[in-house]
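Since the structure comes first, as structure tokens, the remarks are kept for the end.
The values are calculated or read from the model by the stated rules, or taken from the named source; none is laboratory data. Because the structure is predicted, anything quoted here is derived from the model rather than measured. With ideal geometry, Cβ positions are generated from the backbone for all residues, glycine too; neighbour counts draw on all protein chains shown.
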Amino acid sequence: MARGPLGSLVGRLTVFLVGFVVVATVAVVVREYGVGRERLVAETHDNLLVQATVAADRLESALAERARMVTLWARLETSQDLAFDDVDTRVSQSLSELTTALGDGSRAVAARDGRILSASDPELLGDSPPPLPAAVAAALGAATPGMTIRGEGEGDAVVASEDVISTLDGERVGRIVVWTPLDRFLTAALPLDLGRTELLGAGGTTVLIRGEDLTRADTDYLWARHAARTRAGDVVVATGRPMGEVTRALQATFRQLATLAGLFLVLVVPATVLVVRSATRSLGRLTRAARELDPRDPGPLAVASRWDPSEVRVLADSLAGMVARLREARTELARSESLAAVGMLTKSLAHEIRTPLSVLRAGTEMLARNVGSDPRDVEVTEMLQSEVARLARLVDDLLVFGRPAPPAPQPMELRQVVEGALRALRADAAEAGVDLRLEEGEPVPLQADPDQLRQVVVNLATNGMRACPDGGAVTVRVGSDDTRAVLEVADTGVGIPPDRLQEIWRPLVTTHRSGNGLGLPIVRQLVEAHGGDIEVRSAPGQGTRMRVVLPLRPEEVE
């Protein structure tokens, strides 16, 4: 069946990894832009707030200085001339000096009872003087002097007034009023761009002045406001900056970041494709090798290259191990089938041999009773009895091997069973010149069939004694841990060649002249029937060690 590009592992991995790289890169760029924008807006707002705070402080300082100057001029001796209707030029000169000191287009008048008696500018005293700003007129007629800021439509000025008090009787003799155009006053007082500044009075509800740039409706501004209490009342100083101007530098950085991201993708995407193809090429080789295995006789898989990814090498090793275990399983199955066939054959042969063997045993016993005094007859009779006994043992072993009885587990102590089995072999060991001993240790209680374990010990110990034709030692050790009982039988005999280690478990195969080749296969049967395992370690000339491991708990016994 034909497959599309996403049907193969190469296509899926390529699409996934390339998509992941692209999406991750775009997400990082967008996120960094968003985080940078938020940070830049916050920093800009903080800077604007600092500027608004400093501007409010400067505004209060300028208003305080103006109030101080007006109060000082109201207390001058020259200002006492307002007590007379005919004011000379000294008051006008003094007011002119005051406006010069204040600067920024300031003007001043001196009045009594609402009538202007003197002014800083002669034109304010002419026959047709210009109308005074509404804020100035209000200050002239107010009950108490003070300072006000008037916005658009109300005179657009900063107005300060102070009463002149007579030094003779303490009565008010007049009032000095000074005013300055608001824009010129703010230009000199505030360290801000007035085109982007807004000044609000009456607690932030009345617009006193608004910059020209702020009148554009198509511009989004970032604002910072600071409320302050001044001599002219509560005011709010607000300053702003267009968002486009704030983010202009960030947009340039974003373009650079996007360019770098594009270059990164140009480099990473081909590299990703190469990595995917490299990894999947190794998997492809492994897949083809697995597909070409012969199911009837699987051979070893090709070894992975050291340049392959570690995961591919691990997978190749796992498949190779699986194939090896499959071969072992097939071998074990063949062995089991062979053992089953041999078992049936040996069982049948044992039954066929047992009857004539019984006749031979009876005949040799009768012959032994009637033998004469001839030494040769006695020797032949004893030889016949020995061979008949050996055949009887062989028949018994054949019956055990061909018809193994299931174990009957019961509480037992392994060391006692081993001692009883070795006690029965000590005479044969002494005759063979073999030191047969059991090492000391703790008792090992377990659930098992004592008769079958006794046969295991007898077979292993007998095998060890036969491996010491010139004398030696057979040592038996018994121990346990939390879950297992351990039985070891070690001899100092001739050992087993490495190429014969697997053959010792095959029935009717023996390395001893007096053996029948069934002892170790029977041992293996009995141990495996108890849910245990047996292993052998041997080397020519260094002896052999048989190690049997059995479960302690009944639930582990099969």
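Structure summary
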{"read-out": "Residues within the stretch 227-247 that are of a type in the set (A, V, I, L, M, F, W, C) and within 26 Å of Leu40 (Cβ to Cβ), tallied", "value": "6"}
{"read-out": "Pairs, first within 29 Å of Arg225 (Cα to Cα) in the stretch 23-52, second of a type in the set (A, V, I, L, M) and assigned to a helix (DSSP H, G or I), C-beta under 6 Å, six or more apart", "value": "Gly36/Leu250; Arg37/Leu250; Leu40/Leu250; Thr44/Val246"}
{"read-out": "Test for Ala160: is it aliphatic (A, V, I, L, M) and without any contact (Cβ under 8 Å) to a residue 60 or more places away in the chain", "value": "no"}
{"read-out": "Matching residues, the stretch 53-80, being of a type in the set (A, V, I, L, M), surrounded by fewer than 17 Cβ atoms within 10 Å (Cβ to Cβ), more than 21 Å from Ala227 (Cα to Cα) and in contact (Cβ under 8 Å) with a residue 12 or more places away in the chain", "value": "Leu76"}
{"read-out": "Residue satisfying all of: in the stretch 496-510; closer than 21 Å to Gly471 by Cα and surrounded by fewer than 19 Cβ atoms within 10 Å (Cβ to Cβ); modelled with the lowest pLDDT among these", "value": "Thr510"}
{"read-out": "Criterion violated by Ser128 - all others in (1) over 14 Å from Asp163 (Cβ atoms); (2) in contact with a helix residue (DSSP H, G or I) (Cβ under 9 Å, 6 or more places away or on another chain); (3) surrounded by fewer than 11 Cβ atoms within 10 Å (Cβ to Cβ) satisfied", "value": "(2)"}
{"read-out": "Complete set of residues in the stretch 442-465 that are closer than 15 Å to Ile522 by Cβ and outside any helix (DSSP H, G or I)", "value": "Asp449"}
{"read-out": "In the stretch 214-249, residue modelled with the lowest pLDDT [restricted to those that are of a type in the set (Val, Ile, Thr) and not in a helix (DSSP H, G or I)]", "value": "Thr219"}
{"read-out": "Residues that are in a loop (DSSP other than H, G, I, E, B) and either at negative phi or not aliphatic (A, V, I, L, M) (or both), drawn from the stretch 178-204", "value": "Leu190, Pro191, Leu192, Asp193, Gly203, Gly204"}
{"read-out": "Qualifying residue in the stretch 190-213 (condition: farther than 23 Å from Asp104 by Cβ, at pLDDT 85 or above and surrounded by fewer than 13 Cβ atoms within 10 Å (Cβ to Cβ))", "value": "no"}
{"read-out": "Odd one out for Gln452 among (1) within 18 Å of Asp491 (Cβ to Cβ); (2) of a type in the set (S, T, N, Q); (3) touching a Pro at 6+ places or on another chain (Cβ under 8 Å)", "value": "(1)"}
{"read-out": "Matching option when the condition is touching a Ser or Thr at 6+ places or on another chain (Cβ under 8 Å) and among the small types (Gly, Ala, Ser), among Ala224, Ala188, Ala202", "value": "Ala224"}
{"read-out": "Filter result for Thr492 (assigned by TED's automatic domain parsing to the domain that holds Glu439 and at pLDDT below 85)", "value": "no"}
{"read-out": "Hits in the stretch 109-138 (condition: outside any loop (DSSP other than H, G, I, E, B), touching a strand residue (DSSP E or B) at 6+ places or on another chain (Cβ under 6 Å) and among the small types (Gly, Ala, Ser))", "value": "Ala110, Ala111, Ser118, Ala119, Ala135"}
{"read-out": "Residue within the stretch 99-114 that is surrounded by fewer than 17 Cβ atoms within 10 Å (Cβ to Cβ), more than 60 Å from the chain's Cα centre (by Cα), more than 30 Å from Asp193 (Cβ to Cβ) and at pLDDT below 85 present", "value": "yes"}
{"read-out": "Selection status of Leu487, within 19 Å of Pro551 (Cβ to Cβ), buried (at least 20 other Cβ atoms within 10 Å of the Cβ) and at pLDDT 90 or above", "value": "yes"}
